[in-house]
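Engineer: Below is the structure I would like to discuss, written out as structure tokens.
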Amino acid sequence: MYDLIVVGGGLAGITATIYAARRRLNVLLVSKTLGGKTNYRMLLPPEEPPLLLEGQEIIEGLKAELERLDFIHYKDYVTRVSRHRDGFAVHTEEEAVLLGKSVIIATGVKHQRMHVPGEDKYLMRGLSYSALRYAPHMGDRVVAIIGSGKLAVRAAAEIALTARQVYLVGVEAREMESPLGIKVKGANNVTILENYQVLELQGDEYARRIVVSAPDGSQMEVSAGVFFVEIAVIPNSQLVVGLVDVDPGGHIRIDERGRTNVPGICAAGDVTNTYMEQVLVAAGGGVKAALSAYAYLLPGL
Ligand SMILES: Cc1cc2nc3c(=O)[nH]c(=O)nc-3n(C[C@H](O)[C@H](O)[C@H](O)COP(=O)(O)OP(=O)(O)OC[C@H]3O[C@@H](n4cnc5c(N)ncnc54)[C@H](O)[C@@H]3O)c2cc1C
């Protein structure tokens, strides 16, 4: 039986594994790949200045450190976590049952798709799902933000501070009555296409425009340099639903130490109800979860 099983190889899972291995815990990391979302880079047309992922050196340093440490990397996908005697059983897609005295869930979130033609082709080629991360780097760009709810309005508010022109596409009328919506309406570089629907993404090697339909059924094209989809995320928490508490959005509820309501199960990163999906927040969450798992195990070590 392992002291600790970490599920998920993103930043949160990586820092959790590093800190557990440093404490000499017998740790197993279960994830098909390492790096999680930090492996995604949005490519833009050559005429657009490139977008940088913040904290890149830190990510590379952490991955290098992980490789030097003593832990086992099991490349599989976890379908379920259940109680097993004094610990937990981690069930995988390939039907392995891995036993641990404690578990950290660091499985991140899925971004909801629009399911329109061109979306797969242009994913990360001018189209991305995380406008807020890029908000500080929008200088002089034309940006289209697609989404109906609060996330889209918030993204438009922040991007409008730096971009030359912002199109907010598909937002619902009632969202525009919120204090942030009213602020966005007042910005002179934002064009709001309320209740419009995206029909298709078009371009060459990169996304260049979207075809949208207006509420009256007429169609038009919106050209931009960067396209962001801002629809609510889906936390990858299905593997522990029914075992640990999750909030109405499916995020795993944790306390300030990264502990769930089940002693021995901690969680970290985007899958939790922590404030903000950011690399450094996820990295710090992994550290806290590992130290909490260590504190939980200490009496029996
Ligand atoms: C395009 C993009 C750009 C971004 N840019 C920035 C930026 O510039 N600055 C910033 O601070 N943040 C940025 N972010 C956000 C940041 O990347 C995330 O907040 C952070 O990486 C989350 O780390 P995580 O470990 O919680 O989750 P993830 O990175 O999502 O990792 C989750 C891991 O769990 C694995 N996994 C999922 N389910 C299972 C399962 N059932 N069994 C086993 N393994 C599983 C996945 O394969 C993955 O390895 C960006 C995000 C995106 C999508």
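Engineer: Among (1) near the ligand (Cβ under 8 Å from one of its atoms); (2) closer than 27 Å to residue 88 by Cα; (3) surrounded by fewer than 17 Cβ atoms within 10 Å (Cβ to Cβ), where does residue 41 come up short?
Structural biologist: (2)
Engineer: Within segment 172-229, which strands (runs of 3 or more DSSP E) (wholly inside it) include 1 or more residues that are among the β-branched types (Val, Ile, Thr) and over 20 Å from residue 157 (Cα atoms)?
Structural biologist: 197-203, 207-213
Engineer: Name the residue that is surrounded by the fewest Cβ atoms within 10 Å (Cβ to Cβ), counting only residues in segment 15-38 that are more than 8 Å from the ligand (Cβ to nearest atom) and in a helix (DSSP H, G or I).
Structural biologist: Start the filter on segment 15-38 by keeping residues that are more than 8 Å from the ligand (Cβ to nearest atom), which leaves 15-29.
Pick out the ones that are also in a helix (DSSP H, G or I) and you get 15-22.
Working: 15: 27, 16: 35, 17: 31, 18: 24, 19: 20, 20: 31, 21: 21, 22: 14.
Within segment 15-38, the match that is surrounded by the fewest Cβ atoms within 10 Å (Cβ to Cβ) is 22.
Engineer: Could we say that residue 113 is charged (D, E, K, R), at pLDDT 85 or above and either in a loop (DSSP other than H, G, I, E, B) or within 15 Å of the ligand (Cβ to nearest atom) (or both) here?
Structural biologist: Criteria met by residue 113.
Engineer: Can I ask one more? For residue 119, state whether it is surrounded by fewer than 21 Cβ atoms within 10 Å (Cβ to Cβ) and more than 10 Å from the ligand (Cβ to nearest atom).
Structural biologist: Here the answer is yes, as residue 119 does meet what is asked.
Engineer: Filter segment 259-301 down to residues that are in a helix (DSSP H, G or I) and of a type in the set (Ser, Thr, Tyr) and give me whichever is nearest to the ligand (Cβ to nearest atom). First the steps, then the outcome.
Structural biologist: Here is the first cut: in segment 259-301, the residues in a helix (DSSP H, G or I) are 269-271, 279-300.
Then keep just the ones that are of a type in the set (Ser, Thr, Tyr); that gives 292, 294, 296.
Working: 292: 16, 294: 19, 296: 21 Å.
Here the answer is 292.
Engineer: When segment 62-92 is examined, which residues are found to be outside any strand (DSSP E or B) and either within 22 Å of the chain's Cα centre (by Cα) or hydrophobic (A, V, I, L, M, F, W, C) (or both)?
Structural biologist: The answer is 62, 63, 64, 66, 69, 71, 75, 76, 77.
Engineer: Kindly indicate which of 79, 92, 107 is among the hydroxyl-bearing types (Ser, Thr, Tyr) and exposed (fewer than 14 other Cβ atoms within 10 Å of the Cβ). Working first, answer last.
Structural biologist: On the way: 92 fails: exposed (fewer than 14 other Cβ atoms within 10 Å of the Cβ); 107 fails: exposed (fewer than 14 other Cβ atoms within 10 Å of the Cβ).
Going through 79, 92, 107 in turn, the sole match is 79.
Engineer: Restricting attention to segment 131-147, which residues are on the phi < 0 side of the Ramachandran plot, in a loop (DSSP other than H, G, I, E, B) and crowded, with 20+ Cβ neighbours inside 10 Å?
Structural biologist: 138, 141
Engineer: Given the conditions (1) over 30 Å from residue 116 (Cα atoms); (2) within 12 Å of the ligand (Cβ to nearest atom), and given that residue 236 satisfies all but one, which numbered condition is not satisfied?
Structural biologist: All conditions pass for residue 236, except number (1).
Engineer: Could I ask something else about it? Could we say that residue 12 is small (Gly, Ala, Ser), at pLDDT 90 or above, more than 8 Å from the ligand (Cβ to nearest atom) and buried (at least 19 other Cβ atoms within 10 Å of the Cβ) here?
Structural biologist: Numbers: small (Gly, Ala, Ser): yes; at pLDDT 90 or above: yes; more than 8 Å from the ligand (Cβ to nearest atom): no; buried (at least 19 other Cβ atoms within 10 Å of the Cβ): yes.
No.
Engineer: Shifting gears a bit: With respect to residue 223, is the statement that it is in contact (Cβ under 8 Å) with a residue 24 or more places away in the chain, within 30 Å of residue 196 (Cα to Cα) and among the small types (Gly, Ala, Ser) true? Lay out the reasoning, then the answer.
Structural biologist: Working: in contact (Cβ under 8 Å) with a residue 24 or more places away in the chain: yes; within 30 Å of residue 196 (Cα to Cα): yes; among the small types (Gly, Ala, Ser): yes.
Answer is yes for this residue.
The values are calculated or read from the model by the stated rules, or taken from the named source; none is laboratory data. Fair warning: this is a prediction, and the values are worked out from it, not measured in the lab. Here the Cβ is made from the backbone with ideal geometry for all residues, glycine too, and neighbour counts use every protein chain on show.
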